[in-house]
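The values are calculated or read from the model by the stated rules, or taken from the named source; none is laboratory data. Since the structure is predicted, the reported quantities are computational estimates derived from the model, not experimental observations. Calculation scope for accessible area: heavy atoms of the full protein, side chains included, ligands and nucleic acids excluded. Shrake-Rupley method; radii C 1.70, N 1.55, O 1.52, S 1.80 Å.
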Amino acid sequence: MGKKLTLTGANAVRTILKNKEDFRADLRDETKDGARTTYVFDFEYDDHVGTFTIATEDGDIKVAVLNLSMGRIISLVNDANIKKLAQYVLDTSL
């Protein structure tokens, strides 16, 4: 079982990356619009669930938004590590 996430969500992505074998993502939706592909995943980690939206364009991650059940939204704007998590999810869940 992975390390618990803090209620504030601080360092949540870093914690998930350290325990990524406990992070499970299932593809719910995939849409294409020109060169952009958007993926929506349902995820589970420890006792948290939520959605993870990732948009790629020409193989580059342009959008990554993790919506945690604890009411915290983490994106590229507020956590640079989310790009690593997004790449991990794309590599292992598609």
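State yes or no: is residue 88 aromatic (Phe, Trp, Tyr) and at pLDDT 95 or above?
Against the criterion (aromatic (Phe, Trp, Tyr) and at pLDDT 95 or above), residue 88 qualifies.
Looking at the structure I just gave you, is residue 14 part of a strand (DSSP E or B), basic (Lys, Arg) and open to solvent by 20 Å² or more (accessible area, probe 1.4 Å)?
When the stated conditions are applied, residue 14 does not pass them.
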